[in-house]
Structures are given as C-alpha cells and as structure tokens.
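Worksheet: one structure, shown below.
Just so you know, all these numbers are worked out from the coordinates, no wet-lab data involved. What you are looking at is a predicted structure, and each value in this text was computed from that prediction instead of being measured. So basically every Cβ, Gly included, is an ideal-geometry build from the backbone, and we count neighbours across all protein chains shown.
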Amino acid sequence: MSEDKPEKIGYRRRKIGEYQCHCCKEKKVYCLSCTCGFMICEACFQENRWGMSNGPTWICPDCERIHMT
C-alpha cells in the first residue's frame, strides 16, 4: 500500500494486536470485535451472552450487525 492514499473513512480501524474490551476496559490478547469498533472479551461475553447471542451468532450492541462466534 502506498502511504499517499487517504485512509478510508467510515469504520474505526484497530491496530493489529490491540484489543480493549468495551465492558471491562481491560487490554486483552483477543476480543470478539465488530467492524464498527466494538470489542468484547470472552469473559464479558459469557456474562452478557443472554442479551447478545442466540447460539452460533452474536449481535453487536452498538450497530446491531450479526456475527458468527
């Protein structure tokens, strides 16, 4: 990629290897993440699974996109 191209606007981009849970605010090795920028760690996801998931999918609470777990 060339550096003179403008960065796409619309989605928040994370740097590779940087995860921070939106619930507990801790930096983690891995989080479930959405293209809108929402991230949730496995522990917080398990606590909130009843409201975010219906089995093999989860719904982002910020933008309501559906993702596979």
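Among residues of the range 30-56 that are within 18 Å of residue 18 (Cβ to Cβ), those with a beta-carbon under 7 Å from a residue that is aromatic (Phe, Trp, Tyr) and loosely packed, with under 13 Cβ neighbours inside 10 Å at least six positions away or on a different chain give the pairs 35/11; 36/11.
A count restricted to the range 24-55 and to residues that are in a loop (DSSP other than H, G, I, E, B), among the hydrophobic types (A, V, I, L, M, F, W, C) and either over 14 Å from residue 69 (Cα atoms) or touching a Leu at 6+ places or on another chain (Cβ under 7 Å) (or both) stands at 4. Considering only residues of the range 56-69 that are under 13 Å from the mean Cα position of the chain (by Cα) and assigned to a loop (DSSP other than H, G, I, E, B), which is surrounded by the most Cβ atoms within 10 Å (Cβ to Cβ)? My answer is 60.
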